[in-house]
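Here is the structure we will look at.
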Amino acid sequence: MERLKVVIRGAVQGVGFRPFVYRLATESGLPGWVLNSSQGVFIEVEGERPALEEFLLRLEQEKPPRAIVQSLEFSFLDPVGYPEFVIRHSEEAGEKTVLILPDIATCPQCLREVGDPSDRRHRYPFTNCTHCGPRFTIIRALPYDRPNTSMAHFPLCPDCQREYEEPLDRRFHAQPVACPICGPQVALYSGDGHFQSARHLTGDEAVRQAAQAVREGRILAMKGLGGFLLIVDARDEATVQRLRGRKHREEKPLALLYPSLKMIKGHCFVSPLEERVLTSPESPIVLLRRRGPRTPPPDRGGLGGGEVCESVAPGNPYLGVMLPYTPLHDLLMQDLGFPVVATSGNRSDEPICIDEDEARQRLGDIADLFLIHNRPIARHCDDSIVRVVLGQELVLRRARGYAPLPVLLKHEIPPILAVGAHLKNAIALSVGRQVFVSQHIGDLDTPEACAAFERVIADFLRLYEVQPVAIAHDLHPDYFSTQYAKSQTCPELGRRIANRKSQIAVQHHHAHLASCLAENEVEGPALGVIWDGTGYGPDGTVWGGEFLWGDAAGFERVAHLRTFRLPGGEAAVKEPRRTALGVLWEHFGPQALEWDDLAPVAAFSPQERRLLRQMLERGVNSPVTSSAGRLFDAVAALVGLRQEARFEAQAAMMLEFAVDEAVTDAYPLPMTQYPIPNTQSLVLDWVPLLEALLTDLRRGVPVGVMAARFHNALVEGMVAVAQAVGAERVALSGGCFQNRILLERAYRRLTEAGLRVYVHQRIPPNDGGIALGQVAVAAQKLSE
Ligand SMILES: [Zn+2]
Ligand SMILES: [Zn+2]
């Protein structure tokens, strides 16, 4: 007789792990106990050695599907004589390293119950069980028990209480368990009334009338899982335009919610991997290539639903598509039977609204109706966005379904808070070996976004109860996140972290490199090809087309794209035509500003050109940049695709979409030595590329061919630099690697050249992944 002690760390709370262990132990006739503590799941069982070994194996093999075991330690000890197997109560004390699970999409069993007229949860929008339902968005504190969630003020009815207490029930210890008798309720209000007013509908009638309103072309604000969604009929051009007008979102693609996978397949191409992601517990928005008129689905009959109108994603061959992930979403969509736009409930790029009062204020003049409910949302969480590239998942926006699962480091590091960059902000907090990357917060351009940023930091510090010894931030002095890191007293800590030694500035592209290496568990140096829009360089120029050799411990800028001026600075980001002029100026000088046959030149009046010329001549408000993202903009403007961008990276995206994939030749992009003395940096000189492009342009070569030759040139440039510096491992990071053509072709060509290539998977290649890299770099600094 021996005692087996097991400590499991990972996402094992709220997934039915304790009931699973209870069943396994009782079945095997092993007495002992299981305990959820803030440090993990502890199990002790007593029995003969073979029975204990089998228990150990089955624990791994038969664990509930959502249980993510990150560490399993065990030891055999002397028995103490337990009489039976029991579930011990959660401990409040101790270091809070337990994972908080993300929200989990409705499981098939719950969906069946919701659809079954004889079930007591028939058409109940908040049905859930230990396999599914809200987690991250209802948890207020650890450990994960009902009183610590926003379900605390819904006392269980006798039926739910029975299910909650019955070890063999699917709802045994399901903290958010609810039913129509005891759980949260929906209510439908018109946009002009007040939520206190008497005129509203509740229950099933509210859902049915909400659906009817959407069918009639009205804009519905629906309180979902991690915030409000704005919902309109995606087939109706006028309605979608009205939503865009009210939301001040001109052309940026809108996400779609579909009633069924079958209908998605009727509108888009869906690979088996894409189908898996669409129907996964994470249930993100998946970017899918839409079917054109020439590529109808194989079985056109009976698909129904109608076509999605053009203004959902103007000029975009992809649609961002998801399936219902709560019973509420599902009920609405089954009633409707056609795709709807389901976009974050916010104005422009502000954070998503999470409570009724906020929604009333901020969405009052956008939405016609409000479908709300009385289960509070503990924290905001947008829908995640995933693209399948290279036969694997690439998370572009990490939020619902993924946050706040940690990235596990190889070694324990001190607690570090990383505040990210400026665009697509997310923060990160390290605890032991775990780095908790927050849900997507957004661009820190508005007071609302900055408030959300501070709220998420306070939230993470409180939830995980750690005292960071350092705060890592971007090198850019003007970012709100940098200023926060440098000035902020942190009330959650009760002491000032703004101690100079504990503030660690991390260069933007170095953070990207470290993030990619950390996610892929790579140690030791690699060549980082770090391409994005804008990042503050230590030399005072704007970086963005970088080749950095190094790892978290440090880096050397071994190569970069040739620099050019951005006339108007930030204004150039919104006007690719300005960037095009900067690029032309760099090589051709003032004469290029007279070339009216070029679209970006023609897009300026003679007076505007004079002003731009003065700016460029004097170098006033015209920062020097090596940005790859801006080079994409310039080329998109030159080939006539886009002179002004309506949203970030629009021009670059259009250039990607334009590529004729059959074209394999490339423009020349030679490597030269940097003209500045005392540096060994190599430079990829795009001047020959520009000359060849202009020749093609004037010959009337199709845009798709030019776009392909440009992409191919960049890829060959990467291979040339990698070979010149003798790299064996290459990490691809930065927003440019959201571009499928660039990522796939770079991966293929670098691999063919004998290099090991690392790309992002669970952490975004864009600035949403910066905070992870900042943690890794800061940890290195602290260890020195
Ligand atoms: Zn379920
Ligand atoms: Zn109940």
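Quick notes
- Count - residues of region 144-188 that are open to solvent by 20 Å² or more (accessible area, probe 1.4 Å) and of a type in the set (A, V, I, L, M): 4
- Screening region 538-613 for helices (runs of 4 or more DSSP H) wholly inside it with 3 or more residues that are open to solvent by 10 Å² or more (accessible area, probe 1.4 Å) returns the ranges 571-574, 576-588.
- Looking only at residues of region 747-779 that are of a type in the set (A, V, I, L, M, F, W, C), touching a helix residue (DSSP H, G or I) at 6+ places or on another chain (Cβ under 9 Å) and part of a helix (DSSP H, G or I), we find that the one that is farthest from Leu417 (Cα to Cα) is Leu750.
- Scanning region 133-152 for residues that are part of a loop (DSSP other than H, G, I, E, B), more than 12 Å from ligand 2 (Cβ to nearest atom) and out of contact with any helix residue (DSSP H, G or I) (no Cβ under 6 Å at 6 or more places or on another chain) returns Pro134, Arg135, Phe136, Thr137, Ile138, Leu142, Pro143, Tyr144, Asp145, Ser150, Ala152.
- Set Ala731, Ala720: member being under 16 Å from Val757 (Cβ atoms), over 28 Å from the mean Cα position of the chain (by Cα) and in contact (Cβ under 8 Å) with a residue 40 or more places away in the chain: Ala720
- Scan of region 153-181 for residues that are among the acidic types (Asp, Glu) and within 10 Å of ligand 2 (Cβ to nearest atom), ordered by number: Asp159, Glu163
- Region 196-240: number of residues that are out of contact with any Ser or Thr (no Cβ under 6 Å at 6 or more places or on another chain) and open to solvent by less than 10 Å² (accessible area, probe 1.4 Å): 18
- The set of residues in region 20-45 being open to solvent by 10 Å² or more (accessible area, probe 1.4 Å) and out of contact with any helix residue (DSSP H, G or I) (no Cβ under 7 Å at 6 or more places or on another chain) consists of Phe20, Tyr22, Arg23, Thr26, Glu27, Gly29, Pro31, Trp33, Leu35, Gln39, Phe42, Glu44.
- Of everything in region 283-312 that is at pLDDT 85 or above and surrounded by fewer than 21 Cβ atoms within 10 Å (Cβ to Cβ), the residue that is nearest to the chain's Cα centre (by Cα) is Arg289.
- Look at (1) within 13 Å of ligand 1 (Cβ to nearest atom); (2) over 30 Å from the mean Cα position of the chain (by Cα); (3) in a loop (DSSP other than H, G, I, E, B) and you find that Thr106 fails only one, number (2).
- Pro351, sole failed condition from (1) crowded, with 22+ Cβ neighbours inside 10 Å; (2) modelled with pLDDT under 95; (3) closer than 30 Å to Gly115 by Cβ: (3)
- The set of residues from region 445-462 being among the aliphatic types (A, V, I, L, M) and surrounded by fewer than 22 Cβ atoms within 10 Å (Cβ to Cβ) comprises Ala449, Ala451, Ala458, Leu461.
- Test for Leu101: is it in a loop (DSSP other than H, G, I, E, B), among the aliphatic types (A, V, I, L, M), under 33 Å from the mean Cα position of the chain (by Cα) and more than 14 Å from ligand 2 (Cβ to nearest atom): yes
- Subset of region 272-282 [open to solvent by less than 40 Å² (accessible area, probe 1.4 Å) and touching a residue at least 60 places away in the same chain (Cβ under 8 Å)]: Glu274, Val277, Ser280, Glu282
- Reported count of residues in region 117-132, each being near ligand 1 (Cβ under 7 Å from one of its atoms), open to solvent by 10 Å² or more (accessible area, probe 1.4 Å) and either in contact with an Asp or Glu (Cβ under 7 Å, 6 or more places away or on another chain) or not in a loop (DSSP other than H, G, I, E, B) (or both), is 0.
- Restricting Ala213, Ala152 to residues that are among the hydrophobic types (A, V, I, L, M, F, W, C), more than 16 Å from ligand 1 (Cβ to nearest atom) and over 14 Å from Arg375 (Cα atoms) narrows the list to Ala213.
Matching residues to (1) under 26 Å from Ile264 (Cα atoms); (2) in a strand (DSSP E or B); (3) touching a residue at least 12 places away in the same chain (Cβ under 8 Å); (4) not basic (Lys, Arg):
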position	(1), (2), (3), (4)
Ser311	yes, no, yes, yes
Gln334	yes, no, yes, yes
Asp349	no, no, yes, yes
Ala359	no, no, yes, yes
Ile372	no, yes, yes, yes
Ile377	no, no, yes, yes
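- Scanning region 378-397 for residues that are open to solvent by less than 20 Å² (accessible area, probe 1.4 Å), touching a Ser or Thr at 6+ places or on another chain (Cβ under 7 Å) and not acidic (Asp, Glu) gives Arg379, Cys381, Val395.
- Whichever residue in region 104-116 is within 16 Å of ligand 2 (Cβ to nearest atom) and either in contact (Cβ under 8 Å) with a residue 24 or more places away in the chain or buried (at least 23 other Cβ atoms within 10 Å of the Cβ) (or both) and, among such residues, is farthest from Val186 (Cα to Cα): Cys110
- Residues of region 705-745 that turn out to be outside any helix (DSSP H, G or I) and of a type in the set (D, E, K, R), as a count: 2
- Output for region 415-444, where each listed residue is crowded, with 24+ Cβ neighbours inside 10 Å, in contact with an Asp or Glu (Cβ under 6 Å, 6 or more places away or on another chain) and over 18 Å from Gly226 (Cα atoms): Ala421
- Counting only residues that are touching a strand residue (DSSP E or B) at 6+ places or on another chain (Cβ under 6 Å) and either in a strand (DSSP E or B) or open to solvent by 10 Å² or more (accessible area, probe 1.4 Å) (or both), region 403-414 holds 6 of them.
- Arg756 vs. criteria open to solvent by 50 Å² or more (accessible area, probe 1.4 Å), modelled with pLDDT under 95 and not hydrophobic (A, V, I, L, M, F, W, C): yes
- For region 155-177, residues that are within 15 Å of ligand 1 (Cβ to nearest atom), among the hydrophobic types (A, V, I, L, M, F, W, C) and at pLDDT 95 or above total 2.
The values are calculated or read from the model by the stated rules, or taken from the named source; none is laboratory data. Note that this is a predicted model, so its numbers are computed, not measured. Glycine gets a Cβ as well: all are built from the backbone with ideal geometry, and neighbour counts include every protein chain shown. Side chains are part of the model used for accessible areas, which takes the heavy atoms of the whole protein and leaves out ligands, DNA and RNA. Shrake-Rupley method; radii C 1.70, N 1.55, O 1.52, S 1.80 Å.
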